[in-house]
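Working notes for the structure below.
The values are calculated or read from the model by the stated rules, or taken from the named source; none is laboratory data. Keep in mind the model is a prediction, meaning the values are calculated, not measured. A quick note on method: Cβ atoms are made from the backbone with ideal geometry, for glycine too, and the neighbour counts reach across all protein chains shown.
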Amino acid sequence: MAELDSGGGGNHKGGKVRSKKQSTRVDMTPMVDLMFLLITFFMLTTTLAKPQAMDLAMPDKDDLNKEEQLDVADTRTMTVLLGSANRIEWFIGIAGNSLTPPTVENFGKNGIRKTIIDKAKDIKAATGKDMIIIIKPSDKSNYKNLVDILDEMKITNTKQYAIVDISNPEIDLLKRDSIY
C-alpha cells in the first residue's frame, strides 16, 4: 500500500514546548484504482485509427506470363516519368514521337494535378474517350513519389492508369532534363 507520511512533532530536548503535530497519512490505493479505471474506460471508448489503403486491380499471376498488350491510341495516352528530387516529366504519346513536348512538373494542385485535369478534358473533348495515364518510376525516384502520383490519380478521378517499367529512351529524356 502506498502512503505519504510527513513526520511532525518535536522530539527535541530543551527549548520551547510545542504541541505534537500529528503525522498525515494519505492512502494512494484508491487513486491507483481510479487511474486503471480511467485508462480502461478511454481504451474501450476511443476508436483506433484505421489504416487507409487504396484498392488496386492487379493482374493474376497466370496472366503475367502472357505477353498481351492493348493497342491504345497515342492521342489519349499520357506518360508520367518519375525522376529524382520530387520532379515529374510528362508527355502525351510515346517517347521519341510525343504529341506534346516533354514538360517537367512538381507534385501538388498547381503542378501535375492541374495538368492531368486539363489534359483529361482536352482528350475527352477530342476523342470522346477517357485519358489513360502510364506511370513509369525511374531508379532515382523514391517510394513516396509513387504514392503521391497514385494519390493524384485518386484525386483527379482518373479511371485508367498503369504502372510500367521505364525504358532507355525515357531514361535518356530524364537525363537530358537533369532530373535523373
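Only a single item in (1) modelled with pLDDT of 90 or more; (2) over 21 Å from Phe107 (Cβ atoms); (3) in contact with a helix residue (DSSP H, G or I) (Cβ under 9 Å, 6 or more places away or on another chain) is not met by Thr127, and it is number (1). Take region 97-138 and flag every residue that is assigned to a loop (DSSP other than H, G, I, E, B), touching an Asp or Glu at 6+ places or on another chain (Cβ under 9 Å) and within 22 Å of Ser167 (Cβ to Cβ). Once the filter is applied, which keeps residues that are assigned to a loop (DSSP other than H, G, I, E, B), touching an Asp or Glu at 6+ places or on another chain (Cβ under 9 Å) and within 22 Å of Ser167 (Cβ to Cβ), region 97-138 yields Leu99, Pro102, Met131, Ser138. Listed by first and then second residue, the pairs linking a residue in region 100-124 that is at positive phi to a residue that is not charged (D, E, K, R), with Cβ atoms under 7 Å apart and 6 or more places separating them unless they lie on different chains, form an empty list.
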